[in-house]
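Below is one structure; the comments refer to it alone.
The values are calculated or read from the model by the stated rules, or taken from the named source; none is laboratory data. Because the structure is predicted, anything quoted here is derived from the model rather than measured. Backbone-built Cβ (ideal geometry, glycine too); neighbour counts: all protein chains shown. Only protein heavy atoms, including side chains, enter the accessible area calculation; ligands, DNA and RNA are left aside. Shrake-Rupley method; radii C 1.70, N 1.55, O 1.52, S 1.80 Å.
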Amino acid sequence: FTPEPEGSHPSIENNLRWGATKVALESMDLSRLDKIGVIARHIKKKNPNLQLRVCWESKKGSNCGKCEKCTRTMASLLSEGVNPSNHGFRMNKNLLRSMKKNKKLFTRLNENKESQWTIIQKKLSKNLPDKGSEYYNFCQWILKTNFQHKS
């Protein structure tokens, strides 16, 4: 297994400068899922209308909602008891159908992402939205999907 190259790393970001601006990454001791937990607590306590932008696929400045990163973020928020629809994401039958059709996207993962999905599945199984939620079928699909890395 060859690790996937990282575009984000302290050795890169902490050396970025322009004018008087210098980049300094924070909370490098936290995983992406830990950071989403921090954001979820912030949403619940202080900023219920916070809009998130995580997508690199969308050219419109919004989240596409169907790429692996958007899907992982939506599932992470749901596992923290936060409705993604209130924070820059959307869910509908066509979007879920598209995710299911593009299942290869969710099985070509590096070990880090595979581990994240495993954690999300465990947390989500304890914090499922009710059957009336627009995210119910999405969560059922997440729980049934095998996110094992395939070489």
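What to note about this one:
- Heavy atoms of R53: accessible area, 1.4 Å probe, square angstrom to 10: 110
- Spacing of the two label points (7 Å from each Cα toward its C-beta) at N146 and R32, in nm: 2.3
- Contour excess over end-to-end distance, with Cα ends at K131 and R17 and 0.36 nm allotted per residue: 36.2 nm
- For the chain, modelled as a GNM whose springs connect Cα atoms under 10 angstrom apart, the maximal fluctuation among G65, G19, G81 occurs at G19.
- Among M74, M28, M99, the largest mean-square fluctuation in a Gaussian network model of the chain (Cα springs under 10 Å) belongs to M28.
- In this simple spin-label approximation, K69 and K45 carry label points 7 Å from Cα along the Cα→Cβ vector, and these lie 2.8 nm apart.
- Rounded to the nearest 20 debye, the dipole magnitude of the chain is 640 debye, with +1 charges on Lys and Arg beta carbons, -1 on Asp and Glu beta carbons, and the Cα centre as origin.
- Options (1) 55, 30, 24; (2) 51, 42, 30; (3) 44, 32, 21 - which one matches Cα extents along the principal axes in Å as calculated here: (2)
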